[in-house]
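Read the structure below first, then the notes.
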Amino acid sequence: MPSAIILIADGTEEMEFTIAYDTLVRAGIKVTSAFVDDGSSGMKSTGAVHAAKGSRGINIVPDIYFESALTDPISYDLLVVPGGAKGADTMSKHLGVQELVKKYLDAGKYVGMICAGILAALSAGLPNQPLTSHPSVRSQLEKDFDYKEDPVVVSGHLVTSRGPGTAFPFALTLIELLCGKDQRNEVQRPMVFPPDTPW
């Protein structure tokens, strides 16, 4: 069974987190969420995991506290970095997250980033390649990357997407890459997207 680790922090965009988590689970992917602390929560890795407060004030309880040893690519096939301005800022500046992004790609594992979460590609020092992001962070990325405006951009094992409105095609693309097109279709069909939906 494929497995995925999804990062979450205070200020993470709820739709990008929950749509990715839920859609991957529907495909039979074992999903774990890990809380990335900005240092202000007082939460310790040995303590109980508290709720992350999303960008719209919704509280989400992560599965584990972020530790490099618990989120290593040996244990997972996919790393997902959601957006939300405050959450994305926390993740992109976190040295452990930067290192983890590089580890996954070096190991030939997939990394999915959406919205402002793509700033982690910049802070991790990834090489110039095609990607997309939320328009609000385009200016920070377009000098170092081949910037696109497609809903989802796949560049080798890096998968990027634009924002809450592209969270479904983002998640479905991740399913197709991990499990194949048939499994993507199996998940997508009962979701009952309108007939003219372009994915």
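The values are calculated or read from the model by the stated rules, or taken from the named source; none is laboratory data. Here the structure is a predicted model, which means the values were calculated and not measured. So basically every Cβ, Gly included, is an ideal-geometry build from the backbone, and we count neighbours across all protein chains shown.
A few comments on the model shown:
- Any hit, the range 24-45, residues being assigned to a helix (DSSP H, G or I), hydrophobic (A, V, I, L, M, F, W, C) and touching a Phe, Trp or Tyr at 6+ places or on another chain (Cβ under 8 Å): no
- Any chance SER3 is at pLDDT 95 or above, loosely packed, with under 15 Cβ neighbours inside 10 Å and within 17 Å of TYR110 (Cβ to Cβ): yes
- Members of the range 124-154 that are among the small types (Gly, Ala, Ser) and over 15 Å from the mean Cα position of the chain (by Cα): GLY125, SER136, SER139
- Residue selected from the range 82-138 under the condition among the polar types (S, T, N, Q) and surrounded by 15 or more Cβ atoms within 10 Å (Cβ to Cβ), by the criterion nearest to SER55 (Cα to Cα): THR90
- Residue within the range 71-92 that is without any contact (Cβ under 8 Å) to a residue 24 or more places away in the chain and either in a helix (DSSP H, G or I) or of a type in the set (Ser, Thr, Tyr) (or both) present: no
- Selection within the range 142-154 - crowded, with 18+ Cβ neighbours inside 10 Å, of a type outside the set (Val, Ile, Thr) and touching a strand residue (DSSP E or B) at 6+ places or on another chain (Cβ under 6 Å): PHE145
- Single match in GLU186, GLU176 (criterion: part of a helix (DSSP H, G or I) and under 18 Å from the mean Cα position of the chain (by Cα)): GLU176
- Looking at LEU158, LEU177, LEU172, just one residue is over 23 Å from LEU122 (Cβ atoms) and not β-branched (Val, Ile, Thr), and that residue is LEU172.
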